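Structure first, commentary second.
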Amino acid sequence: MKIAFVGKGGSGKTTLSSLFIRHLAANEAPVVAVDADINQHLGAALGLSEAEAAALPAMGAHLPLIKEYLRGSNPRIASADTMIKTTPPGEGSRLLRVREDNPVYEACARTVPLDDGEIRLMATGPFTESDLGVSCYHSKVGAVELCLNHLVDGVDEYVVVDMTAGSDSFASGLFTRFDMTFLVAEPTRKGVSVYRQYKEYARDFGVALKVVGNKVQGQDDLDFLREEVGEDLLVTVGHSDWVRAMEKGRPPRFELLEAENRMALQALQNAADDSYVHRDWERYTRQMVHFHLRNAESWGNAKTGADLAAQVDPGFVLDEALAVPQFG
């Protein structure tokens, strides 16, 4: 299952995504976690030191390797140089799987031990001064989109992505790449503003969206969120001494997280798992192609000097049936 956490800056989306990742690991689920926020904090929230978090390899820095590996023997893609962030897979493309070992994970992922297991962590890498003013082709977040386009995952596997804050999540088709999107909202007008933007923008793409109310301190906060987001409100989270200790760099064992917050995390997993019955690989592939053709026409063809529409394999549908390990 592919799961995104979104919300305005400061809403607590990184904290909640890290708690959810810990929860999945405690349940012995295989997890690939991705920090797709340009402000990289997920590693620290998962217990890495500043030095360890800073040493995480940047996916954007390995984009040539990612492209070359995923291209495989796809005859529709002349070279890795003609691949852009939305290039869809086709016959001959290499696909990524949650549980396998491959050159992309070797270069871009690091194993992070947690109290009750371990997860793979990947990061886009922070934006630097040299990134300012470049086209979206060079966007570090594009490496995440390209990998998700080539990912086949099963019902008992989880890819959890901590997305860019605010409406920047809409900057590409990346927001459509998930089975479930959890929007973290505080009980304030600003807190629900991103929800309204997201709901409106995502409506035409069938994005499954649930709201997680964070920093909820009483009935008035709960009533406010219910009035503002209605049935999209899935669960709320209040103050946590465990989280406060984690933010100080001294987290207790995860099993000591407050019972009500453990129940909230289980509600998130239940909602994600329930979305599986609505998974539609044909629609997923159509949306992938839609954004690729749009990017090809608006900037990709000019950037690469190639007709990127020709990369689309009309007979190919991404599907779990393809989730058989490939080698070479």
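Considering region 206-257, the residues that are closer than 18 Å to Leu19 by Cβ and acidic (Asp, Glu) include one that is farthest from the chain's Cα centre (by Cα), namely Asp241. Any residue at all in region 28-46 that's touching a residue at least 60 places away in the same chain (Cβ under 8 Å) and within 21 Å of His292 (Cα to Cα)? Yes, that holds for at least one residue. Checking every residue in region 44-66 against the condition of being under 20 Å from Glu320 (Cα atoms) and modelled with pLDDT of 95 or more gives zero matches.
Return the residues of region 20-44 that are part of a loop (DSSP other than H, G, I, E, B) and more than 19 Å from Ala143 (Cβ to Cβ); say none if nothing qualifies. Matches in region 20-44: Asn27, Glu28, Ala29, Pro30.
Scanning region 41-49 turns up one or more residues that are under 23 Å from Met1 (Cα atoms), open to solvent by 20 Å² or more (accessible area, probe 1.4 Å) and either polar (S, T, N, Q) or in contact with a helix residue (DSSP H, G or I) (Cβ under 6 Å, 6 or more places away or on another chain) (or both). Taking region 273-295 as the range and being in contact with an Asp or Glu (Cβ under 6 Å, 6 or more places away or on another chain) and among the aromatic types (Phe, Trp, Tyr) as the test, only Trp281 passes.
So for region 92-108 (the condition being part of a loop (DSSP other than H, G, I, E, B), crowded, with 23+ Cβ neighbours inside 10 Å and at pLDDT below 95), does at least one residue qualify? Checked against the condition, which is being part of a loop (DSSP other than H, G, I, E, B), crowded, with 23+ Cβ neighbours inside 10 Å and at pLDDT below 95, region 92-108 yields no hits at all. One residue is enough: does region 298-305 have a residue meeting the conditions at pLDDT below 95 and either of a type in the set (A, V, I, L, M, F, W, C) or within 29 Å of Val184 (Cα to Cα) (or both)? Scanning region 298-305 turns up at least one residue that is at pLDDT below 95 and either of a type in the set (A, V, I, L, M, F, W, C) or within 29 Å of Val184 (Cα to Cα) (or both). Within region 50-76, being within 16 Å of Gly92 (Cβ to Cβ) and in a loop (DSSP other than H, G, I, E, B) holds for Gly72, Ser73, Asn74, Pro75, Arg76.
Taken together, the residues in region 109-141 that are at pLDDT below 65, small (Gly, Ala, Ser) and closer than 20 Å to Leu65 by Cβ amount to 2. Scanning region 222-230 turns up no residue that is closer than 20 Å to Ala267 by Cβ and in contact with a His (Cβ under 9 Å, 6 or more places away or on another chain).
Screening region 156-175 for residues that are of a type in the set (Val, Ile, Thr) and at pLDDT 90 or above and picking the one that is nearest to Val317 (Cα to Cα) gives Val159. Among the conditions (1) among the hydrophobic types (A, V, I, L, M, F, W, C); (2) buried (at least 24 other Cβ atoms within 10 Å of the Cβ); (3) within 30 Å of Lys303 (Cβ to Cβ), Ala80 misses just one, which is (2).
Summed over region 254-294, the residues that are closer than 30 Å to Pro113 by Cα and of a type in the set (D, E, K, R) give a count of 6.
The values are calculated or read from the model by the stated rules, or taken from the named source; none is laboratory data. All values derive from a computational prediction rather than experimental measurement. Note: ideal-geometry Cβ built from the backbone for every residue, glycine included; neighbour counts use all protein chains shown. Please note that ligands, DNA and RNA were not included when accessible areas were found on the heavy atoms of the full protein model with its side chains. Shrake-Rupley method; radii C 1.70, N 1.55, O 1.52, S 1.80 Å.
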